[in-house]
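Here is the structure we will look at, set down as structure tokens.
Every read-out reported here was derived from the displayed coordinates using simple, explicitly stated rules and does not represent laboratory data. The model shown is predicted, which means the values in this text are computed figures rather than measured ones. So basically every Cβ, Gly included, is an ideal-geometry build from the backbone, and we count neighbours across all protein chains shown.
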Amino acid sequence: MSTIHLIGGEKGGVGKSVVARILAQFMIDKHIPFIGFDTDRSHGALLRFYADYASPTIIDDYQSLDAIMESAAEHPEQRILVDLAAQTHHPLAKWLEESGVLELAAELNIQLCYWNVMDSGQDCVDLLDKLLDQYGSRLKYILVQNQVRDDNFSLLASSGVKERALALNASIITLKRLHPPVMTKIDGNSASFWAAKNKDTEQLNSLGLLERQRVKIWLKHAYSQIQLVGL
């Protein structure tokens, strides 16, 4: 079975691109073949950090989006990784509905997995509720509780939306926050997470010994969470 992994969550700044980068590095490290698509026109993370594995996708162009499904159909042995920029849900949903993507995916035995990246705020809970309203059991959901703000997701837990998602067989994972100065260095160097955790003497602002260690520990935890849900 081919799987399309949509990395989404309509709110900006919740860490969608970081999750996409982690998934890309995980698949590289685990020798899992994949094809990446980046919908962010201004600063696409997959194109910047994993250019050898990704191509640009225009979110409001059906022909461009069609390449996602065509790649999944033509390369069933490869995962498809789609990094969705903020505020792209409407054009994506329009393409899904008007092109009959979910129906075709069922015919071709292609699974669509939606990684809903969330911070701890109420707006993320409300957006998840709307997503479940729209697609119900037609998507596979993975809720990514990203500790980018804090580690208290009590709003989600008490909302009833979490139970609703679990009733639809959603999985829930947690992404810890990487020490901000370390992430700033990684981004400033335009480095993959592999380069970040290994000594890179070519970078003027390369990570120090303990900074690389923090990246390794952070990635190890992230990988353990990914392995709980599988790819």
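Take each peptide in 178-187, 137-146, 18-27, count the other Cβ atoms within 10 Å of every residue, and average; sorted highest first, the result is 18-27, 137-146, 178-187. Taken over region 173-231, the percentage of Cα pairs per 5 Å bin, counting from 0 up to the bin with the maximum distance, is 4, 20, 29, 21, 13, 9, 4, 1. Projecting the Cα atoms of L127, A51, L175 onto the charge dipole of region 2-178 (Cβ charges, centred on the Cα centre) puts L175 farthest toward the positive pole. Among the lysines, which have Cα under 26 Å from the Cα of K185 when same-chain residues fewer than 8 positions away are ignored? Partners found: K11, K16, K30, K176, K197, K199, K216, K220. Ordering H5, H31, H221 from the fewest to the most neighbouring beta carbons within 10 Å gives H31, H221, H5.
What you get for the chain, charging only the Cβ of Lys and Arg (+1) and of Asp and Glu (-1), is a dipole of about 1140 debye around the Cα centre. Among the trypsin sites (Lys or Arg not before Pro) in region 39-127, those placed in a DSSP loop whose Cβ has at most 14 other Cβ atoms within 10 Å are R41.
From most to least packed by mean Cβ count within 10 Å, the peptides 96-105, 50-59 give 50-59, 96-105.
When shorter helices are ignored and each DSSP H run of at least 4 residues is given -39500 (n - 2.57), the per-residue value for the chain at 222 nm works out to -14000 deg cm²/dmol. As an equivalent ellipsoid, region 140-206 spans semi-axes of 35, 13, 7 angstrom, where each value is the square root of five times an eigenvalue of the C-alpha gyration tensor, largest first. Please report the base-10 log of the normalised intensity I(q)/I(0) for region 61-173, using a Debye sum with one equal scatterer per alpha carbon and no solvent, at each q in 0.11, 0.18, 0.19, 0.21 (1/Å). Taking Cα atoms of region 61-173 as identical point scatterers yields -0.39, -0.98, -1.07, -1.23. For the chain, the mean projected area of the C-alpha convex hull, equal to one quarter of the hull surface, is 12.0 nm². Take every pair of alpha-carbon atoms less than 8 Å apart whose residues are at least six positions apart; their mean separation over the length of the chain yields a relative contact order of 22 percent. For region 1-133, the Cα-based Rg and Dmax, in that order, read 14.1, 40 Å.
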